[in-house]
1. Would you mind finding the one in Ser279, Ser270 that is touching a residue at least 24 places away in the same chain (Cβ under 8 Å) and under 21 Å from Val341 (Cβ atoms)?
2. List pairs: first in region 210-227 and free of Cβ contacts under 8 Å to residues at least 24 places away in the same chain, second open to solvent by 10 Å² or more (accessible area, probe 1.4 Å) and part of a strand (DSSP E or B), Cβ under 8 Å, 6+ apart or cross-chain?
3. Filter region 300-347 down to the residues that are more than 16 Å from the ligand (Cβ to nearest atom), assigned to a helix (DSSP H, G or I), within 16 Å of Val185 (Cβ to Cβ) and of a type in the set (A, V, I, L, M, F, W, C) and list them by number.
4. Answer yes or no as to whether Leu275 is among the aliphatic types (A, V, I, L, M), within 16 Å of the ligand (Cβ to nearest atom) and closer than 23 Å to Ser367 by Cβ.
5. Residues in region 113-124: is at least one over 17 Å from the mean Cα position of the chain (by Cα), farther than 17 Å from Phe228 by Cβ and part of a helix (DSSP H, G or I)?
6. What do you reckon, is Arg360 within 12 Å of the ligand (Cβ to nearest atom) and at pLDDT below 95?
7. For region 78-106, which residues satisfy the criterion of being open to solvent by less than 10 Å² (accessible area, probe 1.4 Å) and either free of Cβ contacts under 8 Å to residues at least 60 places away in the same chain or part of a loop (DSSP other than H, G, I, E, B) (or both)?
8. So, in region 236-272, of the ones that are within 10 Å of the ligand (Cβ to nearest atom) and of a type in the set (A, V, I, L, M, F, W, C), which residue ends up farthest from the chain's Cα centre (by Cα)?
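The values are calculated or read from the model by the stated rules, or taken from the named source; none is laboratory data. Just so it is clear, the model here is predicted, and its values are computed rather than measured. Here the Cβ positions follow ideal geometry from the backbone for every residue, glycine too, while neighbour counts run over all protein chains shown. Just the protein is used for accessible areas: all its heavy atoms, side chains included, with ligands, DNA and RNA removed. Shrake-Rupley method; radii C 1.70, N 1.55, O 1.52, S 1.80 Å.
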Amino acid sequence: MKILVVNCGSSSLKYQLLNMDDETLLAKGLCERIGIDGRLKHERGAEEFISDVPMPDHTAAIKVMLDALLSKEHGVIANINEIVAVGHRVVHGGEFFSDSVLINDAVEKALEDCSDMAPLHNPPNLLGIRASKKNLPGVPQVGVFDTAFHQTMPKKAYMYALPHKLYDTYKIRKYGFHGTSHKYVSMKAAEMLGRPYNKLKIITCHLGNGASICAIENGRSVDTSMGFTPLEGLVMGTRTGDIDAAIVPYLMEKEKLTAPQVIDMFNKKSGLLGLSGVSNDFRDIFQAKQDGNEQADEALEIYYYRVASYIGRYAAAMNGVDAVVFTAGLGENSSLLREKVCAYLGYLGVKIDSEKNSKRGKSMDFSADGATVRSMMVMTNEELVIARDTKDIVSKL
Ligand code: AMP
């Protein structure tokens, strides 16, 4: 069963075609600069094909992607009918969706209703769904939500201490994101530990350009660091993470900014980029630190501290933890980051083996002998979760 996974942004579209009989990747790619000019990067195994192709809108981009998958030179399917279903990454499902869902008119309407809460993400996700329906008529489309895994959070974790009527009226609460990643890596960690998923306390740290951390107790998300939007929580590449809301009006007055301008600054010019003044990329900041840049050094220390503080908080929330799991761009690739964060966690029973921690490219347990809490790195695979959920749903049709 071949399943296409689509992750649509405002001017980009990432895709993967998977054979779900054995969960192998057949091809993947990226359509960029949609609505500007258009560029396709298509990969089949180790081969990579790049070409400039006009993509005036998302419907055109989907068509370009399908042509690449069908192409005689670098395609992987002979007939479009081989695509059994399409799984779409959808960022915000609000309180409507606690699981993946077959997309129909009512679902599209609910996604429109959630767009207010994720104005940067949900509208392009919907564009992708509609463009995909147009190009693949009759093929089932499934929505897989970043928020769904966190719908198991208890009220004490997801409510903000605002007047209750704001929750009643607008559903202002913590939703959490990166759910497919937290779910995948926690399940994989349980498998690697050889212990039942529903009997473990796991803290997963998804540390990429966007970053969030999740407390998973007995297979259910019980708390997570991102909130009503993906701005809350950890220090990120360009986002502030946790911040005192009173800074917003203060900055509006002092810097003569509008509220959207302040939030734009919090989203795009803050985090590691704002603190270091160098870059949002950990590698550049680390290089700057090596070159003697003190501000870069400080930015990294603030980053580690915030992650470690959240781990402590979630260990307390669950009254213990069996494993701390690192994933995503930084979590998977930076042994230094893992070492620095774990250095805060000795009191919990975390003890790492530096030799094991220095390895890359493969999921691993890098705990030292005698550790009572496991330290692990698990390579995330959000597309596989989307394809698995899509397969489950279409298999029941
Ligand atoms: P992601 O959003 O998961 O793709 O992660 C992207 C981020 O991961 C980049 O901005 C880098 O900060 C970080 N990253 C990727 N590769 C490395 C590496 N080899 N060492 C340190 N950080 C890395």
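1. On the way: Ser279 fails: touching a residue at least 24 places away in the same chain (Cβ under 8 Å).
Checking each option against the conditions leaves just Ser270.
2. Listed by first residue and then by second, the contacts come to Asn218/Lys201.
3. Once the filter is applied, which keeps residues that are more than 16 Å from the ligand (Cβ to nearest atom), assigned to a helix (DSSP H, G or I), within 16 Å of Val185 (Cβ to Cβ) and of a type in the set (A, V, I, L, M, F, W, C), region 300-347 yields only Ile311.
4. When the stated conditions are applied, Leu275 does not pass them.
5. yes
6. So Arg360 passes the test.
7. Going through region 78-106, the residues open to solvent by less than 10 Å² (accessible area, probe 1.4 Å) turn out to be 83, 85-88, 90-94.
The answer is Val90, Val91, His92, Gly93, Gly94.
8. Leu272
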